[in-house]
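Worksheet: one structure, shown below.
The values are calculated or read from the model by the stated rules, or taken from the named source; none is laboratory data. What you see is a predicted model; the values in this text were computed from it and never measured. Here the Cβ positions follow ideal geometry from the backbone for every residue, glycine too, while neighbour counts run over all protein chains shown. Keep in mind that these areas ignore ligands, DNA and RNA; they rest on the heavy atoms of the full protein, side chains included. Shrake-Rupley method; radii C 1.70, N 1.55, O 1.52, S 1.80 Å.
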Amino acid sequence: MRSIWLISRTVLLEAIRRKEIYAITLVSLLLLTVIFSIDFFQIEGLMKFYREVALKIMSMATALTVIVLSSRQLPREFENKTIYPLMAKPLRRTSFLSGKLLGVILAALFCFSLFMFVYIIGTLYVGGGIPWSHFLQYIYLQLLQMMILTTLGFLLSLVMNLDAAITLGIIFYITANILITSFTYLYDFVGIFGKTMLTVLTFIIPQLALFDFSGKTVHSEVWPPLDLNTLAILTAYAFVFSGFYYLLCIVIFRRRAI
Amino acid sequence: MKIMDSKREGAFALFLFLLFLASPAVTMRLNPKNYEGGRSRDERTRHIRNKSAAALILGEIRSSMSDIMFIKTELYLHSGVAYKLNLDYDALSSKGTVVEKGDQQDVNLEQLLPEDQRNHAEHEHDHDHAHHHADDDKIHFHCEGADTVIPTRKKDFRGIIGELHRRVKPWQDPSKPHLHTSGEELLPWYRLMTLSDPHNIRGYMIGAWWLKHFKKEAQLQEAIKFLDEGIRYNPDSYQLYLMKGNITLSLDNHREAKALYRKSADLAIRKRPPDGKISRDWTHYNEEDALAAIRLAVFTEKEYGDVKTALDIARRYLEIINSDLILERQIQQMISQDQ
Amino acid sequence: MNAQAGSNDLRWVRLHFIIGKGVFLEILRRKDLYVLIILSLLYVLGILVIHLVGIENPETANFLQNLGMSLAWFFAHILMLLNSSRQIPDDLENHTIYPLLAKPLKRSHYILGKWEAVSLSGVLSLFIFLFFGWLLAPGQMGNSSLLLVQTLILYILSLALFSALGLFLSLLLPRSVNAIVLGLLVFLGGNIFDIVKIRAQNARCGALWNWIICYIPDFSLFNLTTRYTDGIGPLSSMQFAGLLSYGFIMTAVVLYLAVKVFERRRL
């Protein structure tokens, strides 16, 4: 357990030390500040727009950080040969990967905390309220999504080169909504074989759109927060996919000659 | 040789530097995106392409801000619920009317204002809409009869995934009456839209309409500023003058409203095809706005100006547009008043 | 004298060829083609989906054509972003720059050779994407052919400027920061500039602001996709010539700066 914590701490510190996390955060914060500073016709309390833009920027910036960070973890260890002294220690590969996973998630949390701070200050400045229960559920579901993206990033980086892994990760994140809509829409257009394929794909591809609670958070005056049962199912869903990718990573990792 | 080379390089660097320094003189005049019309801004084509299967699958992914606004308007007015039908955006920009193409039930948002706040423009060219909304002017219930993008449990093959999808995203059973919320929250989007495309006349029109909906002087003044910006970029747009006239009238500035309606009517007549025939380039709403501008120009001249001038311009306009019952009635009234 | 000049030219061309070959071999060796293939596969998936649901009317075809061309522009720039920001830092890190500079090769030639090869790879990928984009939805609304030619020329100019900028910034910024700056400039720059320009009009030193902003490359000026699919006519010769001059001046300035920075750098 201690070794997991040590590795995750290294990942987190390195993420904080590296310039890109600041560049992404700075650019996003700049965008947020500009948006919050625009005076829209001297009207107070136009919160839906601010909420939507802030949540989108938060999510995009964190996802980008997580995808880049997770995709780079393993290849760099191999490239710089820093993995060899680590593996020489009595450290299990599962602990090593778990440490990396925890580190990236903590980095995502670090990103979210920065954005949350700006969002809260901005909202108070604009003069609106924060729908706390919606907002916290939104963050929780985003973290589950980041967990899937992290393990997927590890896996992709083990089977293809870095740029390709990052590109594929970003495409997967950006097209999440298209994916889920297209499956339901195409179902009526295809034959039996197509229908079977779509059903299988729906269940074997993680539907990241399910972790995007921004719609209800933006229009929170109309929609209630999610019930615990739904949150539990979504948590299990995220763990199933992350666990599966994690296991695949372990298998590939073991086969790699170290 | 080396000295020659370095001298040549120095001269080249200086030349390049001067060119670069002076380049904004050319760059500021480059405006490849500055053109009027175009399919991306045209209501009819926008409606058709956004209703297509490909567009529905793509969700909010669009390359034009105008299309993004189209989607945002639908989502915001339906509290985030994505429907397969589309609002009649043209009607919304023309007279603040939400027309649901799915079942042809429409709600005139102007009716949500108290009687004394409604202005003549809407009275003149907006009638006979069936509406069934609650008294609250922010939210009202509405029965759509159109499918949602996320299917109902009966139509969904995805089992638990579909169930989670319906729970996480804003979704309502389409067979049940649902909420229509106010579009005031859309205002920042319209501001962004017109900032990124100042030739998007609809953006200025709808933005101004929602500002008027606030019924406060500060926002009415903001609406005028907003429309002035639109007029600066689109000086030939008669709709912008018409809308500015409506807002100016709300502020009881009758003389200016009169001049604005006149300007709008003159511009409209210049653009209108000789027979006023409805076509792709001259839509039903173009014609309605043009007629409204003409009628209001006559009406305000009669009410706040000189009846004789009003009669003159009414006759001149009638001669150009051939026939219009309301204008003919106005002329009759003025003649009988004169006698 | 002439013979010597001729042999110098030949040597110059040969050295450029060596650098260009190096860039392309690097692209193949590093399996960067993966990215190209992944992005192309996205198009193929799109084509399959469109084949299933069909194109209901010319308006939808036009919309898809706009999307296909916009994505081609977007993807080609992404590939260039990945490629240009890596060239010089990788050569320095892997020490592959030394054998090149040991040859009678000026540093300016090294930068120019890199720029040519990176730009060429970008243009090639652009045409691959455009081909897929055309398969996605062949135009059905009779848009201006002359404007299409202008659009393609400006696409190429945009890529040339983008690769020059990528190489230049890679000498000043870490790779990831370079990628973020480039991405922001190419994908959001146009909108941000438009907003700043309109807001500047009401500001006190509006004209001065607008003048200063013009020194930052605005890639949206080179993207005429929407104008083309909107069915608008071609650009006037003055406008087109102005855009070409803008692109050439910007590219030349950025390349010159890159050469100067690189020449001053200790290796």
Inset, instruction - Using protein chains only (no ligands, no nucleic acids) and a 1.4 Å probe, work out which residues of the stretch B:151-182 have their accessible area cut by at least 40 Å² relative to the chain alone. - result: B:Phe157, B:Arg158, B:Ile161, B:Leu164, B:His165, B:Arg167, B:Val168, B:Lys169, B:Pro170
Inset, instruction - Take every Cα pair under 8 Å in chain A that's 6+ residues apart, average their separations, divide by the length, and report that relative contact order as a whole percent. - result: 28
Legend entry - Sites A:Val190 and B:Lys215, calculated FRET efficiency, Cβ-Cβ separation with R0 41 Å, nearest 0.05: 0.20
Legend entry - Cross-link partners of A:Lys216 among lysines (Cα-Cα below 21 Å; sequence separation of 8 or more within a chain): A:Lys48, A:Lys56, B:Lys72, B:Lys84, B:Lys138, B:Lys169, B:Lys176
Legend entry - Accessible carbon and sulfur surface of the protein assembly as shown relative to its total accessible area, %, 1.4 Å: 63
Legend entry - Computed label-point distance, nm, for sites B:Ser279 and B:Ser336 using a 7 Å Cα→Cβ extension: 3.9
Legend entry - Dipole magnitude of the stretch C:132-267 about its Cα centre (Cβ charges: Lys, Arg +1; Asp, Glu -1), debye to nearest 20: 520
Legend entry - GNM flexibility winner over chain A from A:Leu179, A:Leu162, A:Leu74 (Cα, springs under 10 Å): A:Leu179
Legend entry - Inter-chain Cβ neighbour average for residues C:81-90, partner chain, 10 Å: 1
Inset, instruction - Report the accessible area of B:Lys155, computed with a 1.4 Å probe over the heavy atoms of all protein chains in place, in Å² rounded to the nearest 10. - result: 130
Legend entry - Distance-filtered residues of the stretch A:136-151 - backbone nitrogen under 16 Å, label point 7 angstrom along A:Leu248 Cα→Cβ: A:147-151
Legend entry - Computed helical MRE - 222 nm, the protein assembly as shown, DSSP H runs ≥ 4 contributing -39500 (n - 2.57), nearest 500: -23500 deg cm²/dmol
Legend entry - Calculated from backbone phi, Karplus (6.51, -1.76, 1.60) coupling profile of the stretch A:220-235 in Hz, x at Gly/Pro: 5, 6, 9, 9, x, x, 6, 7, 4, 4, 5, 4, 5, 4, 5, 5
Inset, instruction - Can you tell me the order of C:75-87, C:222-234 when each peptide is scored by its average per-residue count of other Cβ atoms within 10 angstrom, highest first? - result: C:75-87, C:222-234
Inset, instruction - Treating only the Cβ atoms of Lys and Arg (+1) and Asp and Glu (-1) as charged, compute the dipole magnitude of chain A about its Cα centre; round to the nearest 20 debye. - result: 1300
Inset, instruction - Enter the mean number of other protein chain beta carbons within 10 Å of the beta carbon of each residue in B:33-40, as an integer. - result: 6
Inset, instruction - Would you calculate the separation in nanometres between label points at A:Ser133 and C:Arg266, each defined as 7 Å from the Cα along the Cα-to-beta-carbon direction? - result: 6.4
Inset, instruction - Using a/c under 1.5 as the rounded threshold, could you call the protein assembly as shown rounded, prolate or oblate? The axes a ≥ b ≥ c are square roots of the C-alpha gyration tensor eigenvalues, and prolate needs a/b larger than b/c, oblate otherwise. - result: oblate
Legend entry - Residue (of C:Val49, C:Leu185, C:Tyr256) at the positive-pole extreme of chain C, dipole from beta-carbon charges: C:Tyr256
Legend entry - Where labels lie 7 Å past Cα in the beta-carbon direction, separation of B:Leu14 and A:Glu79 in nm: 4.5
Legend entry - Positive dipole terminus of the protein assembly as shown, leading residue within A:Ser37, C:Leu64, B:Ala13 (C-beta point charges): B:Ala13
Legend entry - Derived scalar couplings ³J(HN,Hα) [the stretch B:33-49; Karplus, 6.51 cos²θ - 1.76 cosθ + 1.60; whole Hz; x for Gly, Pro]: 8, 8, 8, 8, x, x, 5, 5, 9, 6, 4, 5, 5, 4, 5, 5, 5
Inset, instruction - Using a 1.4 angstrom probe on the protein heavy atoms only, line up B:Lys84, A:Lys56 by accessible area, largest first. - result: A:Lys56, B:Lys84
Legend entry - Under Karplus coefficients 6.51, -1.76 and 1.60, residue-wise ³J(HN,Hα) of the stretch B:243-249 in Hz, glycine/proline x: 5, 5, x, 4, 6, 4, 5
Legend entry - Theoretical FRET efficiency, 1/(1+(r/R0)^6), r = Cβ-Cβ of A:Thr230 and B:Asn31, R0 60 Å, to 0.05: 0.75
Inset, instruction - List every residue whose amide H lies under 5 Å from the amide H of B:Tyr83, counting only residues 5 or more places away in sequence or on a different chain, with H placed 1.01 Å from N in the peptide plane. - result: B:Val149
Legend entry - Global geometry of chain A, whether rounded, prolate or oblate, following the gyration tensor of its Cα atoms and the 1.5 cut on a/c: oblate
Inset, instruction - Starting from the Cα gyration tensor of the stretch B:240-315, take the square roots of the eigenvalues, sort them a ≥ b ≥ c, and report rounded, prolate or oblate (rounded when a/c is under 1.5, otherwise prolate if a/b is larger than b/c, else oblate). - result: oblate
Inset, instruction - Grab the other residues whose beta carbon is less than 12 angstrom from that of A:Ala107, score K and R as +1, D and E as -1, and report the net. - result: +3
Legend entry - Summed residue charge, Cβ within 15 Å of A:Gly215's Cβ, Lys/Arg positive, Asp/Glu negative: +2
Inset, instruction - Compute the signed sum of charges (Lys and Arg +1, Asp and Glu -1) over the other residues within less than 12 Å, Cβ to Cβ, of A:Arg72. - result: -1
Legend entry - Alpha-carbon Rg/Rh ratio, for the stretch A:171-258, with Rh computed the Kirkwood way: 1.08
Legend entry - Rounded to the nearest 20 debye, dipole of the protein assembly as shown from Cβ charges on Lys, Arg, Asp, Glu: 4920
Inset, instruction - Can you find, among C:Ala203, C:Ser158, C:Leu120, the residue farthest towards the positive end of the dipole of the stretch C:82-205? Put +1 on the C-beta of Lys and Arg, -1 on that of Asp and Glu. - result: C:Ala203
Legend entry - Placed amide H near B:His180: partners under 5 Å, 5+ positions off or other chain: B:His140, B:Phe141, B:His142
Legend entry - Average beta carbon contacts from partner chains per residue of A:193-199, 10 Å cutoff: 1
Inset, instruction - Enter the buried accessible area of the B/C pair, total of both sides, probe 1.4 Å, in Å² rounded to the nearest 100. - result: 4000
